[in-house]
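The values are calculated or read from the model by the stated rules, or taken from the named source; none is laboratory data. Every value quoted in this text rests on a predicted model; they were computed, and no experiment measured them. Neighbour counts are summed over all protein chains in view; Cβ atoms, including those assigned to glycine, are modelled from backbone coordinates with ideal geometry.
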Amino acid sequence: MIELNNIIQKMEDDFSINKNASIKHINSDNLRLPFGLPLIDEMVDGGIPRGELTQIFGPHSSGKTILAIQLIKETQKNDGLCAYIDTKDKLDLGYLNKAGIDMDSLLIVNTNVLEDISEALLKMIKLKIDLIVLDSTPLILENDLDSFDDKDSDNNFDTSNKFRQLLNLILSNVNKKQTTMLIITDMMQSMKGKGKYL
């Protein structure tokens, strides 16, 4: 509890978070985190793999966030500690309550800055949080979406490079701590008519 409180206090100074999270961890024998939805769990061999990064992608408003919330709910049922990084600042806390989410054991961070997300992720992984949801790909990428086709753009290269570094940071740390990462990715439409996943 001391470690958790210290980390939460530090994160409070930097981010808007739910500070009431209490520490508890899922059974380490469980190799997957189930959704608690039989048809979906059957499709993904019982759930998403622990200690790895999983991506859910699709069009806007196609149910990705609802599926992530269901995964959080089921993980909490199994004594898992969960965190939610809300880059859109649109997470409906009222809906979370109605969906049966235990708000006292859910750590919520609101930021769309890549550097802040990286810092928050490192602290969460150090805490050995069982499930971290990133919803969705940082808005800094969306802002530059329509110019991604310009390979000579230094700004676009820097943005994509920073995001690549973020993914490498996640992949190199989650497995060591058995933290599971779920990234929600929206399919956006560029001005040239090409679908892009963010």
Seminar exercise, completed: THR75 vs (1) assigned to a helix (DSSP H, G or I); (2) under 27 Å from LYS162 (Cβ atoms); (3) among the β-branched types (Val, Ile, Thr): all pass except (2)
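Tell me the residue from GLY94, GLY100 that is modelled with pLDDT of 90 or more, more than 13 Å from the chain's Cα centre (by Cα), surrounded by fewer than 18 Cβ atoms within 10 Å (Cβ to Cβ) and part of a loop (DSSP other than H, G, I, E, B), please.
Testing whether each residue is modelled with pLDDT of 90 or more, more than 13 Å from the chain's Cα centre (by Cα), surrounded by fewer than 18 Cβ atoms within 10 Å (Cβ to Cβ) and part of a loop (DSSP other than H, G, I, E, B) leaves just GLY100.
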Exercise. Considering segment 65-88 alone, what residues qualify as being touching a residue at least 40 places away in the same chain (Cβ under 8 Å) and over 11 Å from the mean Cα position of the chain (by Cα)?
Worked result: LEU71, GLU74, THR75, LYS77, ASN78, ASP79, GLY80, LEU81, LYS88
Exercise. Would you say GLY80 is assigned to a loop (DSSP other than H, G, I, E, B) and at pLDDT 90 or above?
Worked result: no
